[in-house]
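Note sheet for the following structure.
The values are calculated or read from the model by the stated rules, or taken from the named source; none is laboratory data. Small disclaimer: the values here were computed from a predicted structure and weren't measured. Note that each Cβ is placed from the backbone with ideal geometry, even for glycine, and that neighbours are counted across all protein chains shown. SASA here: full protein model, heavy atoms, side chains in, ligands and nucleic acids out. Shrake-Rupley method; radii C 1.70, N 1.55, O 1.52, S 1.80 Å.
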Amino acid sequence: MFLSFILAFLVCGIICALAEIIIVNSKLTPGHVTSLFVVFGTILEFFNIYDKIKKIGGMGAILPICSFGSTIMKGVKEGVIKEGFIGIFKGVFSSCGVLIALAIFLAFLSSIIFKAKS
């Protein structure tokens, strides 16, 4: 059990270190790096690599934003198998529709509660 904590820490730490290295050594903003990691997770899931990373790192691989890209791609793959081309679009919402709805709701709620400074 202790080894799983260590592996989760290492996997998540490596992902975060890669993001920090990219931010420090390039002119990309954190928003760009976030988008890059979502795409990176999607590509890794397409080649069935991200599942292997999840087996090794557990929650350390599920928490970073690249896991969101992995979830999107998993839904797309299932949608394409079931429904063909239209499954590309349906699969995205079936796999992470709740997450997208929650993000929209929380953004709306925070816009009501907090006032923008600019």
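This model, with +1 at the C-beta of Lys and Arg and -1 at the C-beta of Asp and Glu, gives the chain a dipole about its Cα centre of some 140 debye. Over the chain, Cα pairs under 8 Å with separation of 6+ residues give a relative contact order of 22 percent.
Per 0.36 nm of contour for each residue apart, how much would the distance between Val39 and Asn25 grow if the chain were fully extended, relative to their Cα-Cα spacing?
Values: separation 14, 0.36 × 14 = 5.04 nm, distance 1.95 nm.
So the extension gain works out to 3.1 nm.
Can you tell me the FRET efficiency between Phe93 and Leu10 if r is taken as the Cβ-Cβ distance and R0 is 30 Å, rounded to the nearest 0.05? After rounding to 0.05, the efficiency reads 0.35. Backbone N atoms of the range 21-38 closer than 18 Å to the 7 Å Cα→Cβ label point of Ala116 belong to residues 31.
For Rg and Dmax of the Cα atoms in Å, the candidate list reads (1) 14.5, 44; (2) 16.7, 63; (3) 16.6, 48; the entry that matches the value derived from this model is (3). Sparsely packed loop sites in the range 1-75 (the trypsin sites (Lys or Arg not before Pro) outside DSSP H, G, I, E and B with at most 10 other Cβ atoms within 10 Å) comprise Lys27. Averaged over its residues, the chain has an accessible area of 72 Å² per residue, based on protein heavy atoms and a 1.4 Å probe.
Within the accessible area of the chain, what % is carbon and sulfur when the probe is 1.4 Å and the other protein chains stay in place?
Details: 6650 of 8510 Å².
About 78 percent, which is the carbon plus sulfur part of the accessible surface.
Toward the positive end of the charge dipole of the range 34-118, with +1 on the Cβ of Lys and Arg and -1 on the Cβ of Asp and Glu, the farthest Cα among Phe89, Phe114, Ser35 is that of Phe114.
Here's the picture: charge each Lys and Arg Cβ at +1 and each Asp and Glu Cβ at -1 in the chain, and of Leu102, Ser26, Phe46 the one pushed furthest to the positive end of that dipole is Leu102.
Normalised by the number of residues in the range 2-65, the average gap of Cα pairs under 8 Å and 6 or more apart makes the relative contact order 55 percent.
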